[in-house]
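The structure appears right after this line, and notes come after that.
The values are calculated or read from the model by the stated rules, or taken from the named source; none is laboratory data. This one's a predicted model, so the numbers in the text were calculated from it and none came from an experiment. With ideal geometry, Cβ positions are generated from the backbone for all residues, glycine too; neighbour counts draw on all protein chains shown.
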């Protein structure tokens, strides 16, 4: 079959590769001048630092097949994400752990003592069924830790008070009663030695795949193909006829520094008075390299406008209602499947994106073999 993948990020690349290996003819188009989507990395010409152009991406997963898959196309080196936070004139370790608790409260608690202190004295146990982000945080860590590490950061990140956000955003409150400061808990964690763009270029390097960059997709182009995998914004496929789904976007204030600016890859700023959410120092994402200079980003979060890059789907009540209408339309569309973060209007980690892309490609191949119609969504957006 003659198949078009719209978007040269992880979804389009993985689906395209799998189906090319199954003998299909694949065309991948992207409006940008590079592959990799928001995972795009490139080496800074002045400092030699590998820069995560659209913000840092750290690979972590418990999915052994996905881990084997990415290692097939890139050499992954060990990387542990150890986040720091500046609040109240001091620097702390995140996620909240035993060191954070002892430092913040000026104590020397053992794990069981800290657990009793947080769950007994700090947590608001009167909140039995947390409905909002604020209630979730207050229920599990209490007012002091919530206000120091979660409240201001969340207000900046989402542009509203945490009492207006659902508790689901804070699904698993990251609190540890030991000194483990590894931000993630997955078995497999690392970074591609030569960056994500090189990895995705390798995935797309197949004789059955044609890649066309700087190419803006228009829906009329779909008629030239047997099927389209669309990883662009779901509402964009329908020319935003019902309205636009809401996103948060990021502005980056890039600056360089002669030396080591902050001594870590990620420094969060929990106070709402500081306008940015965090500073990332990109040479620390490749600790096996040494660079005299440094490239840093200050990150500012705001509501996405039509011309902005959409980062985080909001998925509040109004957005879910509009999403439901677009899903209904999508399910009536012919010859297209919607995939990825934008195509399904869901926040996805990289490993989940790859897992869903592999599953979608395999399911599509089975439909192609049987002559049956593939679904609009291989993973339900709602």
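Confirm whether residue 335 is in contact (Cβ under 8 Å) with a residue 40 or more places away in the chain, buried (at least 16 other Cβ atoms within 10 Å of the Cβ) and touching a helix residue (DSSP H, G or I) at 6+ places or on another chain (Cβ under 7 Å).
It is false that residue 335 is in contact (Cβ under 8 Å) with a residue 40 or more places away in the chain, buried (at least 16 other Cβ atoms within 10 Å of the Cβ) and touching a helix residue (DSSP H, G or I) at 6+ places or on another chain (Cβ under 7 Å).
Going by the conditions given, is residue 376 touching a helix residue (DSSP H, G or I) at 6+ places or on another chain (Cβ under 7 Å), outside the structural domain of residue 69 (by TED's automatic domain parsing), at pLDDT 95 or above and surrounded by 14 or more Cβ atoms within 10 Å (Cβ to Cβ)?
Judged against the criteria, residue 376 is a match.
In the set 162, 174, which member is farther than 30 Å from residue 330 by Cα and either crowded, with 19+ Cβ neighbours inside 10 Å or at pLDDT 95 or above (or both)?
Going through 162, 174 in turn, the sole match is 162.
Within the bounds of region 339-354, is there any residue that is surrounded by fewer than 14 Cβ atoms within 10 Å (Cβ to Cβ) and free of Cβ contacts under 8 Å to residues at least 24 places away in the same chain?
No: region 339-354 contains no residue that is surrounded by fewer than 14 Cβ atoms within 10 Å (Cβ to Cβ) and free of Cβ contacts under 8 Å to residues at least 24 places away in the same chain.
Looking at (1) outside any helix (DSSP H, G or I); (2) crowded, with 17+ Cβ neighbours inside 10 Å; (3) assigned by TED's automatic domain parsing to the domain that holds residue 66, which is the only condition residue 183 fails?
Here residue 183 meets the rest and fails (3).
Within region 216-242, track down each residue that is surrounded by fewer than 17 Cβ atoms within 10 Å (Cβ to Cβ) and either within 24 Å of the chain's Cα centre (by Cα) or closer than 17 Å to residue 38 by Cα (or both).
Hits for region 216-242 are 216, 240.
Has region 204-214 got any residue that is under 20 Å from residue 311 (Cα atoms), surrounded by 18 or more Cβ atoms within 10 Å (Cβ to Cβ) and in contact with a helix residue (DSSP H, G or I) (Cβ under 6 Å, 6 or more places away or on another chain)?
no
Which residues, counting only those in region 201-213, are under 14 Å from residue 20 (Cβ atoms) and in a helix (DSSP H, G or I)?
Residues satisfying the conditions are 202, 203, 204.
Restricting to region 317-340, name every residue that is part of a loop (DSSP other than H, G, I, E, B) and over 18 Å from the mean Cα position of the chain (by Cα).
Residues satisfying the conditions are 333, 334, 335.
Inspect all residues belonging to region 301-308 and state whether any of them is touching a helix residue (DSSP H, G or I) at 6+ places or on another chain (Cβ under 9 Å) and closer than 19 Å to residue 236 by Cα.
No; the residues of region 301-308 include none that is touching a helix residue (DSSP H, G or I) at 6+ places or on another chain (Cβ under 9 Å) and closer than 19 Å to residue 236 by Cα.
Sort out for me the strands (runs of 3 or more DSSP E) sitting completely within region 214-312 that have 3 or more residues that are not assigned by TED's automatic domain parsing to the domain that holds residue 24.
247-258, 266-269, 278-281, 293-303
Spot the failing condition for residue 160; the list is (1) part of a loop (DSSP other than H, G, I, E, B); (2) outside the structural domain of residue 137 (by TED's automatic domain parsing); (3) free of Cβ contacts under 8 Å to residues at least 60 places away in the same chain, and only one is missed.
Checking residue 160 against (1) part of a loop (DSSP other than H, G, I, E, B); (2) outside the structural domain of residue 137 (by TED's automatic domain parsing); (3) free of Cβ contacts under 8 Å to residues at least 60 places away in the same chain, the one that fails is (2).
Is it the case, given these coordinates, that residue 29 is touching a helix residue (DSSP H, G or I) at 6+ places or on another chain (Cβ under 9 Å), under 23 Å from residue 255 (Cα atoms) and surrounded by fewer than 24 Cβ atoms within 10 Å (Cβ to Cβ)?
In short, no.
Test residue 130 against the stated conditions and say whether it is at pLDDT below 95 and more than 20 Å from the chain's Cα centre (by Cα).
Here the answer is yes, as residue 130 does meet what is asked.
Scan region 186-200 and give yes if some residue there is part of a loop (DSSP other than H, G, I, E, B), crowded, with 16+ Cβ neighbours inside 10 Å, in contact with a helix residue (DSSP H, G or I) (Cβ under 6 Å, 6 or more places away or on another chain) and touching a residue at least 24 places away in the same chain (Cβ under 8 Å), otherwise no.
no
Condition check ((1) surrounded by fewer than 20 Cβ atoms within 10 Å (Cβ to Cβ); (2) closer than 21 Å to residue 296 by Cβ) across all residues:
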{"position": "54", "(1), (2)": "yes, yes"}
{"position": "63", "(1), (2)": "yes, no"}
{"position": "73", "(1), (2)": "yes, no"}
{"position": "78", "(1), (2)": "yes, no"}
{"position": "82", "(1), (2)": "yes, yes"}
{"position": "88", "(1), (2)": "yes, no"}
{"position": "92", "(1), (2)": "no, yes"}
{"position": "97", "(1), (2)": "no, no"}
{"position": "109", "(1), (2)": "yes, no"}
